[in-house]
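The values are calculated or read from the model by the stated rules, or taken from the named source; none is laboratory data. Predicted, not measured: the structure shown is a model, and the values here were computed from it. Neighbour counts are summed over all protein chains in view; Cβ atoms, including those assigned to glycine, are modelled from backbone coordinates with ideal geometry. Ligands, DNA and RNA are stripped out before the accessible areas are found, and what is left, the full protein with its side chains, is counted by its heavy atoms. Shrake-Rupley method; radii C 1.70, N 1.55, O 1.52, S 1.80 Å.
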Amino acid sequence: MATFSQDLHYAFRTFVRNPGFALLAILTIAVAVGANTAVFSVVNAVLLRPLPYPQADGLVLVSQGSRQTKQSSGDATPANFLDWRARSRSFAGLAAFREAGPTLAIGNSPERMSGAMVTANFFDVLGVKPALGRAFIDADDQHGAPRVAVISDVLWRGRFGARADVLGRTIRLNDEVHTIVGVMPAGITYPGKAQIWFTPHWPVPDDPLLSAAADPSAQRDHGYFFVLGRLIPGVTLDAAGADMDTIALSLERDYPNSNQNVGIFLARMRDDLVADVRSTTLLLFASVGLLLLIAAANVSGLLLARATARQQEIAVRVALGATRARIVRQLLTESVLLALTGGATGVLLALWLVNPLVALSPDLTVAGDVAIDGNVLGFAVLAATMVGLLFGLAPARQLSRVNVHGDLKRSARGTIAVGQRRVRAALVASEIALSLVLLVAAGLTVRSFIRVQNVSMGFNPEQVLTVSISPPAARYSTRPQRADFWEHLLAELRQVPGVQAAGAVSRLPLLPGNSTRGLAIDDLPQGVQASADYRTASPDYFKVLGIPILRGRPFDEADREGRPSVAVVSQSTAQRFWPNRDPIGQHFQINVPGPEYTVVGVVGDIRSASLETAPQPTVYVPYRQDAFPFMTFVLHMSGGDRAGATTQNLQASVREAVWRVDKEQPVGAIRTMDEQLANSLTRRRFSVTLLIAFGVTAVVLASVGLYGVLAFIVAQRRREIGVRIALGATGGNIIADVLGQGLRLAAVGMGLGIALALAATRLMSALLFGTSPTDVATFAGAGVLLSAIAVGASVVPALRASRVDPLVALRDE
């Protein structure tokens, strides 16, 4: 221990004597460790940290979808859920839930909340108990029972002052009186960021979710909510899947009209939560890992350069009796001290980086808050220590093999050993190779991002304002009530100054999720699965979004309840279901038994789920013939109303228009369609931004490393260069020689980098859009950029070498 203390004290004094070197090395390590720690905090939250539920591995999301395509629709029909729960032998419990945005009124201040409608056994399946009060019980599910709610810890502390007497307090939720019966522990917000949970009352007429209990056979076509299950201990996911496959086949036999080809799909809860961000997170972690290796090589090069200046010092210590092991231990202590100091600085940098990182991509928090916790700090210490050992090995190996007699005679500016020169060259070539990999990865993601932005959306988002409305179910419980509300609201919104046209739709384009329904169509082409995305819309919806009418007509005011059921279909729907036939006048059903829809128009395809997903067959029905309990209104603004201040005034006018129809109706977020478009690109923009940052940092480190190698070589060859100039070599000859050395190093590094990039980019092909992982332009651009940077890093040492005064160089020697 005393020896280690001496080594540590000596290392500290060494760095104090060379503050410039120590500062450069520490900053290099800090940048790399800080970036790695920040990204690892995301990896920890998304992929490693256990979910805050007991035996979370047993939690499974259950959904239905096409057995033929093996694709889940992400949701389940109410009646099928009831049968799953009754027939399954693999689950200790199955609970249904649906994310909701209920209106919470405490006193006279209504507020839209994030929440969820859940069955009474939801928290039992989740495996959590309230911190205060009780969870739901079976009686809470029954129609006519007093309405109750459970709130989150955040809501309890923020709106109720963490008061224990919150239990029994009444609130108005969706315009109905509810009694608070429980408070969940901190950190429990599933699904999404729920702050309040409430139960359905089964059955409730005219609600496709809740009426299933009254007549299960009537609600098997409309997937409306998600299902969470907890496996019986000892039952594997595969065994549960086989059990549910058997149930799916039995339901197909019992209900052939609605359950034909309907399969049941299982996914572990964590896998479902992180499915959309797993690949992106791993890509960024691998990229930042390369940055750490580049930094290690860079600092190793600095230490090798410093090692030459310390050869006499080490030779003196050996002459005085120091063993090789003692020298290596001292040098590794110095390296680890550098690394840990840089690592500590990097942790401070990571603390600053985490919030911007999460703000850049909010969906990274789906599996838990991103934070610098004990696991992340442990990773930072481990990374810094390993890097310290890694970059300290080469200098320690070199200096432990000193030639005492030769090094004591050689001046501090003696010639560089061939072996050391090769090691430094190899380190720089490695930095360039890894930098090329990062540049290519960044280039491919940038090209993909540009391709996504330029894809044809099928609609025009410019000058369109959107607002989502969900009226309270207590006052708008029937379809006619909702249809009248939507009609009156549309009439008011059309009168808002600055609004040229107004429309409404049940689901906006570019929103994640699924609203697929099975269709019953006669004379389908062989092998075609009759299903389509389903939306209700107002007559002017297509006009507002600029979706072209290709054939027939859009809806009109005569298309309402009591009149023949009509539909408008997308171009891909017509081509898939009625090829070589006129789609106008064709018929289909959505629910069997149910109304038969007649196709009256064909519109252009749109990118409904995301810009990266090909257009799906879509059917639209008039909102008056199927009045949804929620709608999003789209408003086309006049040309000058895109300025920020004017748009804010328009938003205020929109709220006033809603309140003229219903003064108690909360108004959701009002956004432009351009903002919706930007939100759909958040994850891809996040990847592009970070990869560019990593690539730029890597290139800077590689150029510094190349500059350092050449500057060191020039300093060591000063006598040789002086002799060459004295014998007649021109400045141009010297510049060409040094530049050649730099470019040869860069060429070796780029050759290795191209081979590594070709292998690495194939692993990220699933994250690319419209771009090949071997895109020639991207590889060429990265190579040209690195070549230019290599020339720039080589110019200064080359010019310095050309200006060596032979008399001064020879006299110094």
Compute the length gained on full extension between ASN649 and ALA491: take 0.36 nm times their separation in residues and subtract their Cα-Cα distance, giving the result in nm to one decimal. 55.0 nm
Eigenvalues of the Cα gyration tensor times 5, then square-rooted: what semi-axes does that give for region 458-617, in whole angstrom, largest first? 27, 19, 16
Protein chains only, probe 1.4 Å: how do VAL696, VAL288 rank by accessible area, largest first? VAL696, VAL288
Just add up the charged neighbours of PHE122: K/R +1, D/E -1, any other residue whose Cβ is under 14 Å from the Cβ of PHE122. 0
Percent of C-alpha pairs per 10 Å bin, region 691-791, short to long: 13, 36, 26, 15, 8, 2, 0
How do ILE188, ILE106 stack up against each other in accessible area, from largest to smallest, with a 1.4 angstrom probe? ILE106, ILE188
Using a Förster distance of 35 Å, the FRET efficiency for MET386-ASN733 (Cβ separation, nearest 0.05): 0.20
Label-to-label distance, nm, for residues given as ARG553 and ASP138 (7 Å Cα→Cβ offset): 5.5
Region 735-804 - percent of accessible surface contributed by carbon and sulfur, probe 1.4 Å: 73
Please work out the average accessible area per residue across region 56-176, using the 1.4 Å probe convention, and give it in Å². 43
Per-pair calculated FRET efficiency, R0 = 25 Å: HIS587 and GLN481 via Cβ, rounded to 0.05: 0.30
What list of ³J(HN,Hα) couplings, whole Hz, do you get for region 598-608 from phi and the Karplus terms 6.51, -1.76, 1.60, once you set θ to phi - 60° and write x for glycine and proline? 10, 6, 10, x, 10, 10, x, 6, 10, 7, 7
Gain upon complete extension [THR682, VAL696; 0.36 nm per residue less C-alpha separation]: 2.9 nm
Projecting the Cα atoms of THR632, THR613, THR598 onto the charge dipole of region 595-642, where Lys and Arg contribute +1 and Asp and Glu -1 at Cβ, the residue farthest towards the positive end is THR632
